1. Residue under question is residue 288, and the condition is that it be within 9 Å of ligand 1 (Cβ to nearest atom) and either over 17 Å from the mean Cα position of the chain (by Cα) or part of a strand (DSSP E or B) (or both); does it hold?
2. Being surrounded by fewer than 17 Cβ atoms within 10 Å (Cβ to Cβ), modelled with pLDDT of 95 or more and over 20 Å from residue 249 (Cβ atoms): is that true of residue 116 here?
3. Is it the case that the stretch 61-83 has a residue that's more than 22 Å from residue 38 (Cβ to Cβ) and away from ligand 1 (no atom under 15 Å from the Cβ)?
4. Any residue that is under 30 Å from residue 128 (Cβ atoms), more than 16 Å from ligand 2 (Cβ to nearest atom) and either assigned to a strand (DSSP E or B) or modelled with pLDDT under 95 (or both) - is there at least one of those in the stretch 44-62?
5. How many of the residues making up the stretch 244-278 are in contact with a helix residue (DSSP H, G or I) (Cβ under 6 Å, 6 or more places away or on another chain), in a strand (DSSP E or B) and away from ligand 1 (no atom under 11 Å from the Cβ)?
6. Would you mind stating whether residue 222 is touching a strand residue (DSSP E or B) at 6+ places or on another chain (Cβ under 6 Å), away from ligand 2 (no atom under 16 Å from the Cβ) and part of a loop (DSSP other than H, G, I, E, B)?
7. Restricting to the stretch 192-201, count the residues that are under 17 Å from the mean Cα position of the chain (by Cα) and either surrounded by fewer than 23 Cβ atoms within 10 Å (Cβ to Cβ) or within 14 Å of residue 275 (Cβ to Cβ) (or both).
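The values are calculated or read from the model by the stated rules, or taken from the named source; none is laboratory data. Worth saying up front: this structure is predicted, and the values here are computed from it rather than measured. A quick note on method: Cβ atoms are made from the backbone with ideal geometry, for glycine too, and the neighbour counts reach across all protein chains shown.
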Ligand code: FAD
Ligand code: MG
């Protein structure tokens, strides 16, 4: 009898410790950072499988980088570019999906967003140690190679064909968004209910913060240096992606050249905007659209955002006016006196 009582109380102790332990682990934050895709990638997750989830997230991000980079040899995109004008190249479902989404955005923006910008990007090399201002004739020679209509996709064979020799794809404006979506899917598969992933300017928040309140995400001040904000957006289960002229640039003879190119000129996009932020639920769309709106400028950019369901935007123009789409106004707070909310 006594033995049964002792065993029963031991079982009780194990159960109680188990439940309390699970609670403690559940609210514990696991956070990591790692340099991938030319940027610091930070991830936070809460939950007892958070550690395992983050192992899987970083492995997946490394896999996506390996498939889509043009900055290290051997990617699927390198193979597509090397075969330009010669033959279609079969790619993985990941790469096919990102290329076809990029082409769809090129069509939607009339080519202001264009993943075939690679021949121009590789002349400028903005953000890399060997960045330089190309000679005008180099731009004139490379520009006819840019054009999304020269990309042939075959969904059944999962092939990408660049129809002109010298053409090239660069997924720098969209692949981090895809990566954020994939990372969040992995967190969810692992039962994580609250978490955050940040790939440079690409942020995705899963659920609310562990205290049940929405996440407060800063929108970068596009003029002053990094880590100061122009405003705060309160979001849950959403992505926030910003494109700006302040991220990567080259200063030569008092002139600043940034990394977002206008495909119609081959030079850094000169719209009336200094920053474009998209808030929505799909990060691949947000990434493509933040770059698109930056190139399109305020009027066309706002018109496009308003036309697309579920897409919200925060645009900052050269006069330091901040334009916020109606669906986001209640969640956005301007905190920086250098800027003014546009009426
Ligand atoms: P976004 O506005 O999202 O994109 C701008 C980038 O898109 C430009 O840098 C250019 O690559 C391209 N682009 C420019 N104009 C257009 C246009 N009109 N339409 C479409 N695309 C355009 N950086 C490193 O320094 N080293 C690395 O090894 C490295 N590897 C990377 C690997 C991968 C898979 C990815 C996705 C990025 C990598 N990067 C690397 C960063 C990359 O070079 C870009 O600078 C970065 O993705 C820009 O992101 P963004 O959010 O600042 O700007
Ligand atoms: Mg982008």
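1. no
2. No, not satisfied.
3. So in the stretch 61-83, the residues more than 22 Å from residue 38 (Cβ to Cβ) come out as 83.
If we keep only those that are away from ligand 1 (no atom under 15 Å from the Cβ) as well, we get 83.
Looking for residues that are more than 22 Å from residue 38 (Cβ to Cβ) and away from ligand 1 (no atom under 15 Å from the Cβ), one finds at least one in the stretch 61-83, hence yes.
4. Yes, the stretch 44-62 contains a residue that is under 30 Å from residue 128 (Cβ atoms), more than 16 Å from ligand 2 (Cβ to nearest atom) and either assigned to a strand (DSSP E or B) or modelled with pLDDT under 95 (or both).
5. 1
6. no
7. Total satisfying the criteria: 4.
Quick grid of which residues meet (1) within 16 Å of ligand 2 (Cβ to nearest atom); (2) in a strand (DSSP E or B); (3) under 25 Å from residue 31 (Cα atoms); (4) in contact with a strand residue (DSSP E or B) (Cβ under 8 Å, 6 or more places away or on another chain):
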site	(1), (2), (3), (4)
160	no, yes, no, yes
166	no, no, no, no
177	yes, no, yes, yes
197	yes, yes, yes, yes
209	no, no, yes, yes
212	no, no, yes, no
242	yes, yes, yes, yes
